[in-house]
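A.B. asks: Okay, here's the structure, questions in a sec.
FYI, it's all coordinate maths here, none of it is from the lab. Keep in mind that this is a model prediction, so the values were computed, not measured. Reconstructed Cβ throughout: ideal geometry from the backbone, glycine too, with neighbour counts over all protein chains shown.
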Amino acid sequence: MEVYIDESGDIGFGKKSSPFFVIAALIVHEPLQIDRCFLKIRKNRLKKKYRELPELKFNNSDKVIKRRVLECLAQSNIEFWCSVLRKEQLFDYLRKQPQTVYNYLTGSLIAKIYFHYRPFHEFNIIVDKSLNGIQKDLFDQYVAYKTMEQNVPLFNPLVPPNIIHKDSRREPCIQAADFIAGAVHRKYRQRDESCYLIIQDKCQQIFDCFEGPQKRL
């Protein structure tokens, strides 16, 4: 089982920071479908400025590209989960610990996904190797710990998560997770659901850290 992680917004608290931070976890059952989505869109008469980009991202794409990517994802064999942080409600001491906040949000989300699917074979978590400056070793250790801590084996031994860091420029599934995170972030920050509505049927659950699950399984 492969789970691709990406985020939208920032984890900072400056004047220009987003009031929301979204982490998307994309489960891909047929990766070739995602590869074809981005390949098709890149070949479909993209403007020069997009053809020269190393990867397509939600924030650097116009409305047409966003729609094309999301519509293609909506027709693919995927599902996604999200965690949304309302940063204004964080305790002051946590605002100075972005690594802790990021690790907790991701670890908790992965633990919920793990509990739902109970994988008996491989459980791979694929993240962008940049991680926006977040320390990889601490991230890997915490996510593995959080996943195992919140899941007690019933009949079969647990399969520990295997965390893989890849270059998002070479991994279309991470790019797909970016578009999903961007669509959900836009829904919260700008109260614009136009992008989210395209993929809403692929949503398993959105965990609003202070408001409770938005969509129940």
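A.B. asks: Excluding SER17 itself, calculate the net charge of residues whose Cβ lies under 12 Å from the Cβ of SER17, where each Lys or Arg counts +1 and each Asp or Glu counts -1.
C.D. replies: Once all neighbours under 12 Å are counted, the net charge is +3.
A.B. asks: What FRET efficiency comes out for LYS136 versus ASP10 if R0 is 25 angstrom and r is the Cβ-Cβ distance? Round to the nearest 0.05.
C.D. replies: Using R0 = 25 Å, I get an efficiency of 0.85.
A.B. asks: I'd like to know which of ILE126, LEU70, LEU105 lies farthest towards the positive end of the charge dipole of segment 37-130, counting +1 on Cβ of Lys and Arg and -1 on Cβ of Asp and Glu.
C.D. replies: So the residue we want is LEU70.
A.B. asks: How far, in nm, would the chain grow between ASN44 and ASN59 when pulled straight, counting 0.36 nm per residue and subtracting the alpha carbon separation? Display every interim value, and only then the final one.
C.D. replies: On the way: separation 15, 0.36 × 15 = 5.40 nm, distance 1.95 nm.
Going from the current span to full extension adds 3.4 nm.
A.B. asks: In this model, which of LYS43/LYS63; LYS15/LYS96; LYS15/LYS136; LYS16/LYS87; LYS129/LYS202; LYS112/LYS146 are farther than 19 Å apart at the alpha-carbon?
C.D. replies: LYS15/LYS136; LYS129/LYS202
A.B. asks: Computed on alpha carbon atoms, what radius of gyration and Dmax characterise the chain, expressed in Å?
C.D. replies: Values for the chain (Cα only, Rg and Dmax): 16.9, 55 Å.
A.B. asks: Here's something else I'd like to know. Charges only on Cβ, +1 for Lys and Arg, -1 for Asp and Glu: so what's the dipole of segment 1-119 about the Cα centre, in debye to the nearest 20?
C.D. replies: 720 debye
A.B. asks: Next question, about the same structure. Can you work out the FRET efficiency for the pair GLU149 and ASP192, with r the C-beta to C-beta distance and R0 = 41 Å, to the nearest 0.05?
C.D. replies: 0.65
A.B. asks: Could you tally the net charge around SER168, taking each other residue with its Cβ under 12 Å from the Cβ of SER168, Lys/Arg +1 and Asp/Glu -1?
C.D. replies: -2
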